[in-house]
Amino acid sequence: MEKACSHCKEQFIITDKHRAFYGRMGVPEPTLCPSCRQQRRLAFRNERTLYQRSCDLCKKNLVSIYPASTPFPVYCGTCWWSDAWDGTTYGFDWDPSQSFFDHYRQLQTRVPRISILSITSENSDYTNNSADNKNCYLIFAAENSEDCYYGRLVQHCRNCVDSDNIYDSERCYGCIDCRNCYDVLFSERCSTGTDILFGFGLSGCSNCILCTNLRNKEYHIENKPVSKEEFILRKKEILSSREEIEKARLLFEAMKKKSVMKYADIMKCENSSGDYLFNCHDAEMSFDATNAKDSAFVNDALDPIDFYDGNNIYYQPELCYDIMGALKTYQCMCCTYIFYGSNLAYCGSCHNTSDSLGCIGLKKNQYCILNKQYDKEEYERLRTKIVESMKNEGVWGEFFPISLSPFAYNETLAMTYFHLDKEQANAYGWGWSDMLSSTYGKETMKPDAVPPMIDGVSDAITKEILACTHCGRNYRITPQELAFYTSMHLPLPLLSPECRLLERQSHRNPRKLWTRTCTCSGAQSENGLYVNTAEHDHGTTPCSTAFQTAYAPDRSETIYCEGCYHKEIL
């Protein structure tokens, strides 16, 4: 059945399978389309906007995702996780004459929040939504990494800089969507690769430069075999200066446009749709998910089971609905940042907590409503009343409205995937900050004075303040960063870390799907850029295989189905 989104007015489909899941969760059908539901969740996630402030309990200076002007207390990690305070002391009674979200808004202004979410990490103060990292700086949604800087979704990596969505890799720079890579630079969608410079869609390759869609090849340049000596000479030539790297980058982009593209970056998956999926089964319209099963509309997800509508959900969350940030949760709905919880609804920052409704900042609690403690019978009786009241309001089963987010829209990850300007955000009543933590005009070195080569650059550069050539934002080069560039023979960046991240993200597909048909014509693609090199199952007639893809119909790439793609890769 088609339904019109109450926000963007676009049509979206609700299937019998969806209805069965909503029935299990005890919620009505959603009123927003999947994209608008994701935008709403992402507006509650500030990953990269950081501020300097003090802890409201111990008074120590700290790095925080909340500015000093927030109406609620903000504690450092040590104070927040300690027994120095108890979330139930902020609880109050439910008033049937007020809306549920008005109650929640009152609670938001009272309960302390943790300054930044960095769990069991060492020397990694400037990381957020992360855990178990060591000596890392400005990496986000990252875990188990060491000596990594400037990246998002950096998992189990070492010495990786300016890279996103990379896994189990080491000594990588400027990489996107790479797994099990070592010494790989400026590459995308590569796996099990070593010593690659400008690679796209490579698997099991080593010593390759400016190559696309190769399998198990060694010593190749522009998809042609070369000697070891030729490889070494060409690599040295490209890395000799910023100008040579830019020339190679332009050539690389041209090669990508002429290459055949698989309809989606999906590996080891069954009956799944979306993009950037690995080992998923029955996952629908999902993105950046690994080991998802019987789930739909999940993004940045690890091991979800029976999960609909979730972002940044990890450690086998099961039977949950509309969640922003979860670790090991069961039967939860419409929550933000809940870890090791079960049977939670409309809760935020609750950990090791179960059977609670409308709570914030609880730790090891059960049977709480609006942070007030009840016994089991009282809890169940009052919860039933509140749920009925929310159903009458028409909000039961709907995630928190964006107006309840503790962040301004332009502080959040929603801005990355659903960009709005100030006027648009204000028109929706979503809030905007004119005080983001950036400086301009403080540079001590102009961009044209930044050395074009890394050779001879001294530690003195770490004392300088640079200015981004794109946005003008000031940034610095850290000593660790300089050491990395020197070891990798890479020139200093001219863009700020934020602009570098946004530039990398622009190479990834949007989180949206279109139904298309394979463009393989049996001989030459319609745009004349690609000629088949092998005999296909459909012979010389056009392939009729249909699929869902994140490549929009008006894009120029040659998009093949799985079968045709694997016939063509070398």
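The values are calculated or read from the model by the stated rules, or taken from the named source; none is laboratory data. If you're wondering where the values come from, they're calculated on a predicted model, not measured in any experiment. Because the Cβ atoms are built from the backbone with ideal geometry, glycine has one as well, and the counts that use them run over all protein chains shown.
Descriptive notes on the structure:
So that you can scan it fast, the table gives a plain yes or no per residue for (1) surrounded by 17 or more Cβ atoms within 10 Å (Cβ to Cβ); (2) within 24 Å of Gln331 (Cβ to Cβ); (3) basic (Lys, Arg):
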| position | (1), (2), (3) |
| --- | --- |
| Ser241 | no, no, no |
| Ile245 | yes, no, no |
| Ala248 | yes, no, no |
| Leu251 | no, no, no |
| Lys258 | no, no, yes |
| Ala264 | yes, no, no |
| Glu284 | yes, yes, no |
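- Yes/no for Tyr219 being aromatic (Phe, Trp, Tyr), in contact with a Lys or Arg (Cβ under 7 Å, 6 or more places away or on another chain), at pLDDT 95 or above and within 25 Å of Glu481 (Cα to Cα): no
- Note on region 87-104: among residues that are of a type in the set (Gly, Ala, Ser) and in contact with a Lys or Arg (Cβ under 8 Å, 6 or more places away or on another chain), the one that is surrounded by the fewest Cβ atoms within 10 Å (Cβ to Cβ) is Gly91.
- So Cys335, is it more than 15 Å from Phe101 (Cα to Cα) and assigned to a strand (DSSP E or B): no
- Filtered residue count, region 266-282, keeping only those that are over 20 Å from Cys518 (Cα atoms) and surrounded by 24 or more Cβ atoms within 10 Å (Cβ to Cβ): 1
- Residue match in region 513-525 (condition: surrounded by fewer than 16 Cβ atoms within 10 Å (Cβ to Cβ), hydrophobic (A, V, I, L, M, F, W, C) and modelled with pLDDT of 95 or more): yes
- When Gly358, Gly397, Gly348 are screened for being surrounded by 20 or more Cβ atoms within 10 Å (Cβ to Cβ) and touching a His at 6+ places or on another chain (Cβ under 7 Å), only Gly358 passes.
- Number of the exception - Gln98 against (1) in contact with a Leu (Cβ under 7 Å, 6 or more places away or on another chain); (2) within 29 Å of Asn365 (Cα to Cα): (1)
- In summary, Ala264 fulfils each of the numbered conditions (1) in a strand (DSSP E or B); (2) under 18 Å from the mean Cα position of the chain (by Cα) with the single exception of condition (1).
- Candidate set from region 248-261 (those that are assigned to a helix (DSSP H, G or I) and either free of Cβ contacts under 8 Å to residues at least 12 places away in the same chain or in contact with a helix residue (DSSP H, G or I) (Cβ under 6 Å, 6 or more places away or on another chain) (or both)); member that is nearest to Ala289 (Cα to Cα): Glu253
- Residue count, region 346-360 (criterion: free of Cβ contacts under 8 Å to residues at least 60 places away in the same chain and of a type in the set (Ser, Thr, Tyr)): 3
- Exactly one residue among Gly358, Gly397, Gly431 is modelled with pLDDT under 95 and within 28 Å of the chain's Cα centre (by Cα), and that residue is Gly431.
- Unique match (being free of Cβ contacts under 8 Å to residues at least 60 places away in the same chain and of a type in the set (D, E, K, R)) among Glu481, Glu443: Glu443
- Of the residues Arg24, Arg41, the single one that is within 21 Å of Ser403 (Cβ to Cβ) and in contact (Cβ under 8 Å) with a residue 12 or more places away in the chain is Arg41.
- Selected residue [loosely packed, with under 14 Cβ neighbours inside 10 Å, among the acidic types (Asp, Glu) and outside any loop (DSSP other than H, G, I, E, B)] from Asp455, Asp434, Asp448: Asp448
- Just one of (1) among the small types (Gly, Ala, Ser); (2) buried (at least 24 other Cβ atoms within 10 Å of the Cβ); (3) closer than 23 Å to Pro28 by Cβ fails for Ala289. It is (3).
- If only residues of region 128-143 that are among the aliphatic types (A, V, I, L, M) and touching a residue at least 60 places away in the same chain (Cβ under 8 Å) are counted, the one that is surrounded by the most Cβ atoms within 10 Å (Cβ to Cβ) is Ala141.
- Test: residue in region 222-237 that is over 25 Å from Pro493 (Cβ atoms), of a type in the set (D, E, K, R), surrounded by 15 or more Cβ atoms within 10 Å (Cβ to Cβ) and touching a residue at least 40 places away in the same chain (Cβ under 8 Å): no
- Among residues of region 58-84, those that are buried (at least 17 other Cβ atoms within 10 Å of the Cβ) and not in a helix (DSSP H, G or I), counted: 12
- For region 267-306, a residue qualifies if it is within 29 Å of Asn223 (Cβ to Cβ), of a type in the set (D, E, K, R) and not in a loop (DSSP other than H, G, I, E, B), and the qualifying residues are Asp275, Asp288.
- Extreme residue, surrounded by the fewest Cβ atoms within 10 Å (Cβ to Cβ), among residues of region 361-394 that are in contact with a strand residue (DSSP E or B) (Cβ under 9 Å, 6 or more places away or on another chain) and assigned to a strand (DSSP E or B): Gln366
- In region 225-241, the condition of being farther than 30 Å from Arg48 by Cβ and assigned to a strand (DSSP E or B) is met by at least one residue.
- Qualifying residue in region 478-485 (condition: part of a loop (DSSP other than H, G, I, E, B) and either surrounded by 17 or more Cβ atoms within 10 Å (Cβ to Cβ) or over 26 Å from the mean Cα position of the chain (by Cα) (or both)): no
- Pairs are defined by a Cβ separation below 9 Å, a sequence spacing of at least 6 or placement on different chains, a first member in region 100-124 that is more than 18 Å from Glu47 (Cα to Cα) and in contact (Cβ under 8 Å) with a residue 24 or more places away in the chain, and a second member that is part of a helix (DSSP H, G or I) and among the hydroxyl-bearing types (Ser, Thr, Tyr); the pairs so defined are Phe100/Ser389; Phe101/Ser403; Arg105/Ser403; Leu107/Tyr90; Arg110/Tyr90; Val111/Tyr90; Pro112/Tyr90.
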